[in-house]
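Undergrad: The structure's right below; bear with me while I get my questions together.
The values are calculated or read from the model by the stated rules, or taken from the named source; none is laboratory data. What you are looking at is a predicted structure, and each value in this text was computed from that prediction instead of being measured. With ideal geometry, Cβ positions are generated from the backbone for all residues, glycine too; neighbour counts draw on all protein chains shown. To get the accessible areas, we keep the full protein, side chains included, count just its heavy atoms, and leave off ligands, DNA and RNA. Shrake-Rupley method; radii C 1.70, N 1.55, O 1.52, S 1.80 Å.
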Amino acid sequence: MGVYLVSVGAEDWFDDEEDGWGEVASALNAELRRRGLPPYEDVPAETDFAPGSGQAFEEKLAPSMTGFLALCQAHLSQEESETLCGWTVLVPFSLDEKIWLPVESGYCDSTMVAGAPQVLPLAEKLAAAIDLPPETPAACDNLDLSMWFRDGGTKKPAALRPGLWSEDLDRAFYVALFLRAAQHSIRRGCPIVFS
């Protein structure tokens, strides 16, 4: 159990059943049309699981966020921090402003939708601030980031390049999590949600 950040394929995105995201998808499209924007309908189908393929995204939010939130406060404005980590649905296209939908999703009474192109530069800014190492997993199909940070994958990079990133691995995990989530959403053209 716990809170996960996962990618959603077309089947679940447009599904109106209890575990589907159809109500959110419909409300988002209605709001996009109201703003004169095209609806979000080109959601890729879910692919068969293949470890390391980068076709799916699944990570668990387990570590403490205290250091990460302090990092956000030090390097981002309040508005930027809300854009980076206040969303419940991340979409792969640009949004001039966050969209609030009066639809319950995940663990929230309403749904805040943010655009990955707005989230990505904020995550990149934090990654640069702590000098996140290039060895940080890019594919997050099956808790790859979680395992890398939890199961000792950081030991060798930390020995070779100690620095801010290795001083607080929980903080570095969340920087990598939001960075990889935005990158995945844009690359695959899919939504990412809290589940």
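Undergrad: To test your reading of the geometry: what angle, between 0 and 90 degrees and rounded to tens, separates the Cα axis of helix 22-34 from the longest principal axis of the chain?
TA: Compared with the principal axis, the helix lies near 80 degrees.
Undergrad: Here is a further query. Cross-link partners among lysines for residue 155, C-alpha distance below 29 Å, same-chain residues fewer than 8 apart left out?
TA: Once the sequence-local lysines are set aside, what remains near residue 155 is 60, 125.
Undergrad: Right, here's the next one. Give the calculated FRET efficiency between residue 14 and residue 75 to the nearest 0.05, with a Förster radius of 35 Å applied to their Cβ-Cβ distance. If you can, show how the numbers build up before the last one.
TA: Working: r = 37 Å, r/R0 = 1.06.
The pair residue 14/residue 75 has a calculated efficiency of 0.40.
Undergrad: Here is a follow-up. By how many nm would the segment from residue 34 to residue 48 grow when fully extended, if each residue of separation counts as 0.36 nm and the alpha-carbon distance is taken off?
TA: Extra length available between residue 34 and residue 48 comes to 1.5 nm.
Undergrad: Shifting gears a bit: Compute the relative contact order of the chain as a whole-number percentage, counting only Cα pairs closer than 8 Å that sit 6 or more residues apart in sequence. All intermediate terms of the calculation are to be shown ahead of the outcome.
TA: Numbers: 334 pairs, mean separation 60.6, N = 195.
So the answer I get is 31 percent.
Undergrad: Return one number: the angle in degrees, 0 to 90 and rounded to the nearest 10, between the long axis of the Cα atoms of helix 169-188 and the longest principal axis of the Cα atoms of the chain.
TA: For helix 169-188, the angle is close to 40 degrees.
Undergrad: So, one more: Based on DSSP loop calls and a cut-off of at most 16 other Cβ atoms within 10 Å, the longest stretch of the chain free of exposed trypsin sites (Lys or Arg not before Pro) is what? Walk me through the numbers before you get to the answer.
TA: Details: sites that count: 35, 98.
Longest gap between qualifying sites, sites excluded: 99-195.
Undergrad: Helix-only estimate, please: 222 nm mean residue ellipticity of the chain, summing -39500 (n - 2.57) across DSSP H runs of length 4 or more and dividing by its residues, to the nearest 500. Provide the component values of the computation, followed by the final result.
TA: Working: 9 runs with 87 residues, N = 195.
Rounded to the nearest 500, it is -13000 deg cm²/dmol.
Undergrad: Residue 104 versus residue 128, label points 7 Å from Cα toward the beta carbon: distance in nm?
TA: 4.2
Undergrad: Tell me, what is the Rg over Rh of the chain, with Rh the Kirkwood radius over Cα pairs? Mind showing how you got there, number by number?
TA: Working: Rg = 16.6 Å, Rh = 17.1 Å.
A ratio of 0.97.
Undergrad: In square angstrom, rounded to the nearest 10, how much accessible surface does residue 143 have for a 1.4 Å probe?
TA: Accessible area, nearest 10 Å²: 40 Å².
Undergrad: Now a separate question. When N is the residue count of segment 89-132, what does its C-alpha Rg come to as a fraction of 2.2 N^0.38 Å? Before the final figure, lay out each step's value.
TA: Values: Rg = 12.9 Å, N = 44, 2.2 N^0.38 = 9.3 Å.
Normalised Rg, Cα atoms only: 1.39.
Undergrad: DSSP loop (so not H, G, I, E, B), at most 14 other Cβ within 10 Å: list which chymotrypsin sites (Phe, Trp or Tyr not before Pro) in segment 30-122 pass both filters.
TA: Working: sites: 40, 49, 57, 68, 87, 93, 100, 107; in loops: 40, 49, 57, 87, 93, 107.
Here the chymotrypsin sites (Phe, Trp or Tyr not before Pro) that fit, given the DSSP loop and packing criteria, are 49, 107.
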